[in-house]
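The values are calculated or read from the model by the stated rules, or taken from the named source; none is laboratory data. Bear in mind that the values here come from a model prediction, so they are computed numbers and not experimental data. Here Cβ is always computed from backbone atoms with ideal geometry, including for glycine, and neighbour counts include all displayed protein chains.
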Amino acid sequence: MDKPVLVIACGALARELVALREMNGWPHMAIQCLPADLHNRPERIPALLRATIEKYRDSHAHIFVAYADCGTGGGIDEVLRDYGIERLPGAHCYEFFAGSTAFGEMADAEPGTFYLTDFLVRHFDRLVKRGLGLDLHPQLLSAYFGNYTRVVFLDQSDDPELDIAARRHAEFLGLAYQRHHTGFGPINRVLSEHIVQWQN
């Protein structure tokens, strides 16, 4: 293959994508990440995604987008239809990390669930505390999280230090805590369907 395959991804997935590339032996897979803090401004994602596709599409054999809808209200899909590009399934990253069936069961069991991933556990202070202004205005905690009852940590790496940190974040939010180990299985299966067919 003369041109590599490009995965355009949310920066929150960078660590996982690099690990999957090494684990699966996908040297032909290039990764280009958009800023992870777009989680807090999803309306900006479609325009930046379009600009990134335009920048790289001529230099890559195929492009795959490692985003779900991510709060864009169909904005990502509108961009991808213009280029015939596919993305990860689901409404947000929690669904494809856990797998649609498992996530659906968790959501049905307790709709008032706040989900954490490895990335969000590591960057909770920046994206949640400071990102939502809770460091300066803790009184906003009930406004943001008053309708939640629990935190579920969708654990990809089985790191005990992240489990401890996730428990601490749940305590800060005043919510019950549950850990659900996902590993890389669900996201690996989705990526494999696309990356392997373009390998040769």
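Remarks
- Any hit, segment 172-186, residues being over 25 Å from Glu105 (Cβ atoms) and modelled with pLDDT of 95 or more: yes
- Only one of the numbered conditions (1) in contact (Cβ under 8 Å) with a residue 40 or more places away in the chain; (2) of a type in the set (D, E, K, R); (3) closer than 18 Å to Phe119 by Cβ is not met by Arg41, and that is (1).
A quick yes/no check of all residues on (1) in the same structural domain as Val190 (by TED's automatic domain parsing); (2) touching a residue at least 40 places away in the same chain (Cβ under 8 Å):
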| site | (1), (2) |
| --- | --- |
| His60 | yes, yes |
| Gly73 | yes, no |
| Ile76 | yes, no |
| Ile85 | yes, no |
| Pro89 | yes, yes |
| Met106 | no, yes |
| Ala109 | no, no |
| Thr113 | no, no |
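- Taking the conditions (1) exposed (fewer than 13 other Cβ atoms within 10 Å of the Cβ); (2) at pLDDT 95 or above; (3) over 30 Å from Trp26 (Cβ atoms) in turn, Arg167 satisfies each one other than (1).
- Candidate set from segment 31-62 (those that are modelled with pLDDT of 95 or more and assigned to a strand (DSSP E or B)); member that is nearest to Val190 (Cα to Cα): Ile31
- Hits in segment 154-186 - residues which are assigned to a loop (DSSP other than H, G, I, E, B), farther than 17 Å from Ala98 by Cα and out of contact with any strand residue (DSSP E or B) (no Cβ under 9 Å at 6 or more places or on another chain): Gly174
- Selection within segment 6-16 - surrounded by fewer than 20 Cβ atoms within 10 Å (Cβ to Cβ) and modelled with pLDDT of 95 or more: none
- Hits in segment 104-121 (condition: surrounded by fewer than 18 Cβ atoms within 10 Å (Cβ to Cβ) and assigned to a helix (DSSP H, G or I)): Gly104, Glu105, Ala107, Asp108, Ala109
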